[in-house]
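The block underneath contains the structure these notes are about, expressed in structure tokens.
The values are calculated or read from the model by the stated rules, or taken from the named source; none is laboratory data. Computed from a predicted model, the values in this text were never measured in an experiment. Neighbour counts are summed over all protein chains in view; Cβ atoms, including those assigned to glycine, are modelled from backbone coordinates with ideal geometry.
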2 protein chains.
Amino acid sequence: MARARVYITYKEGILDPQGKTILRALKSLGYDEVENLRVGKYMELELAGTDKEGLEKRLGEMCEKLLANPIIEDYDLEVDV
Amino acid sequence: MARARVYITYKEGILDPQGKTILRALKSLGYDEVENLRVGKYMELELAGTDKEGLEKRLGEMCEKLLANPIIEDYDLEVDV
């Protein structure tokens with residue numbers, strides 16, 4: 001069995017109102033060192049199989065089709081077999 | 001300036017209905033190799049400062065106070081200075 005992680009973030013230039021709200025809240029709590037914050041999604045998967053390259057390819061397809069919205073989001077993935 | 005990443009996941013035993021829904025959707029698309037999927041949050045931060053240890057401590061506080069809900073969520077963080 002393989003373990004995989006997917007990181008989904010908004011593309012550069014796409015507004016991230018949730019991130020802006022959290023940034024403002026952090027500053028109001030006194031965390032002035034935070035200069036920018038962007039929120040994304042994170043998924044942990046368990047996959048059957050041990051073919052790292054094949055699993056990465058399939059997981060990339062899953063991201064394109066369902067997990068991410070490739071118009072406005074970038075994704076990054078890691079598979080450990 | 002330092003860059004940091006925060007990964008927030010539900011603790012073991014906490015239900016993850018969003019993950020279950022995505023898992024079902026993947027299976028209905030034919031991705032039967034996916035055995036489990038859990039959804040979390042991912043944040044990318046830019047922090048002023050170069051004191052890696054100090055920044056990690058402050059970021060841990062931010063997670064405890066605002067970014068994560070420590071009752072039901074675990075968090076993991078990385079700071080690159």
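Only one of A:4, A:25, A:68 is small (Gly, Ala, Ser), at negative phi, within 11 Å of chain B (Cβ to nearest Cβ) and in contact (Cβ under 8 Å) with a residue 40 or more places away in the chain. Can you tell me which?
None of the other options fit; the residue is A:4.
Evaluate the following for residue B:11: is it touching a residue at least 12 places away in the same chain (Cβ under 8 Å) and surrounded by 15 or more Cβ atoms within 10 Å (Cβ to Cβ)?
When the stated conditions are applied, residue B:11 does not pass them.
Going through segment A:14-43 one residue at a time, which ones are in contact with a Gly (Cβ under 7 Å, 6 or more places away or on another chain) and of a type in the set (Asp, Glu)?
A:33
Just the residues that are out of contact with any Gly (no Cβ under 9 Å at 6 or more places or on another chain) and within 17 Å of residue A:36 (Cβ to Cβ), please, taken from segment B:49-62.
B:49, B:50, B:59, B:62
Six or more apart or on different chains, Cβ under 6 Å: which pairs go from a residue in segment A:36-58 that's facing chain B (nearest Cβ under 7 Å) to one that's assigned to a helix (DSSP H, G or I) and at pLDDT 95 or above? Could you list them?
That search, which allows pairs on different chains as well, returns A:37/A:19; A:37/A:22; A:37/A:23; A:38/A:19; A:39/A:18; A:39/A:19; A:47/A:55; A:49/A:55.
Consider segment B:1-43. How many of its residues are of a type in the set (S, T, N, Q) and not in a helix (DSSP H, G or I)?
2
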